[in-house]
1. If you place +1 on the Cβ of every Lys and Arg and -1 on the Cβ of every Asp and Glu, how big does the dipole about the Cα centre of the chain come out, in debye to the nearest 20?
2. For the chain, what's the relative contact order in percent, using C-alpha pairs closer than 8 Å and at least 6 residues apart?
3. Can you tell me the length gained on complete extension of the stretch I194 to I22, counting 0.36 nm per residue apart and subtracting the Cα distance?
4. Write out the chymotrypsin sites (Phe, Trp or Tyr not before Pro) in the range 141-218 meeting two conditions: DSSP loop, and at most 14 other Cβ atoms within 10 Å of their Cβ.
5. Got a sec? What order do L12, L223 fall in by accessible area at 1.4 Å, biggest, i.e. largest, first?
6. If you only keep lysine pairs separated by 8 or more in sequence, or across chains, how many in the chain come under 26 Å at the Cα atoms?
7. Which of these values of Cα extents along the principal axes in Å was calculated from the structure shown: (1) 83, 47, 26; (2) 54, 37, 36; (3) 46, 39, 39?
8. Using a cut-off of under 17 Å, list every residue of the range 54-87 whose amide N is near the label point 7 Å from the Cα of D38 along the Cα-to-beta-carbon line.
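The values are calculated or read from the model by the stated rules, or taken from the named source; none is laboratory data. This one's a predicted model, so the numbers in the text were calculated from it and none came from an experiment. Cβ placement follows ideal geometry from the backbone for every residue including glycine, while neighbour counts extend to all protein chains displayed. Keep in mind that these areas ignore ligands, DNA and RNA; they rest on the heavy atoms of the full protein, side chains included. Shrake-Rupley method; radii C 1.70, N 1.55, O 1.52, S 1.80 Å.
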Amino acid sequence: MSQQQPLISHLLELRNKLLRAIGSVLLVFICLVYWANDIYHYMAIPLMQALPESSSMIATDVAAPFFAPFKLTLVLSFFIAIPYVLFQIWSFVAPGLYKHEKRLVVPLLASSTLLFYLGIAFAYYVVFPVVFGFFTSVAPDGVEVATDISSYLSFILKLFFAFGLAFEIPVAVVLLCWAGVTTPEELKKKRPYIVVGAFIVGMLLTPPDIISQTMLAIPMLVLFEGGLIAARFYSKGESEEDDEDDSTEESESSK
C-alpha cells in the first residue's frame, strides 16, 4: 500500500499539470476567438499578396469559413501557451533531477521555446512570400489561381510545424552531446551525411518543391553548426562529476 500511494499521488499531480496546461490553451483561445477571422486574414496575407489582383481565396466547403479560422486560432493558442505548458512539464519532472540537470533544463526550455517561435516567424516572413510567389508565377496560361481556405490552412500549419521543429536542432545536438551519446568531434566527421540528411528531411517535411526544401535545409545546417558550438560547453564527464558531487552532498546531509 505504501508503494501505491506515491504512485497515485504522482498520477494525480500529473493530471493536475495536464489540466493546467490544457486550461492555459483554452484560456488563450477564449481571448483570441473573437478575432479569429482577423487572425486568418493576417496569415493569408503572404498568399494574397502573391495572387493576381483579380484572384481571391475560395471556400469549397459550406462550413469552411467558420472552421478554418476556428482551427487556426486554436493552434495559435497552443503556440502562445507553449511556455506555460513547458513550465508545467518542468515543474513535474524537476523534483527528480540533479542540480546540474536543473541548471541545464531551464536554459534548454527557454531556448527551445524561442527557437520554435523563430522557426514559425522564419516560415511566415521569409519562406511564404518566396514559395507563394513561385507557385503563382508558374501557373499555366488560362488557369486562375484560387486557393481553398482549408487547403491553405493545412499547408501553412504543416510548414509552421516543420520549421518550428527544425529550428530545435541546436537543442537536440546539445542534449545528445551532454548525454554522452555522441561528441561534437564525431558530429563534425559526419557533417557530409548530415548535409544530405538535412535535404532529405526538408523534402519529407515540406511540399514537393525544391524552394521550400532548400529554405528548410539551409537553416537546419546553420542551426546544426550553432548546436556544435554550444555543445562544446557540455560533456558526459562533467555530468558524471556533478552526479558524484550531488550524491556526496545528499549522503552528508542524511548523516
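1. Details: 15 positive and 24 negative charges, 58 e Å.
Dipole of the chain, to the nearest 20 debye: 280 debye.
2. Numbers: 214 pairs, mean separation 54.8, N = 255.
Relative contact order comes out at 21 percent.
3. Details: separation 172, 0.36 × 172 = 61.92 nm, distance 3.64 nm.
58.3 nm is the gain from fully extending I194 to I22.
4. Numbers: sites: Y152, F155, F160, F161, F163, F167, W178, Y193, F199; in loops: F167.
Sites meeting the loop and neighbour criteria: none at all.
5. Working: L12 80, L223 30 Å².
Ranking L12, L223 by accessible area, largest first, yields L12, L223.
6. 11
7. Matching entry in (1) 83, 47, 26; (2) 54, 37, 36; (3) 46, 39, 39: (1).
8. It comes to 69-70, 72-74, 76-77, nothing else.
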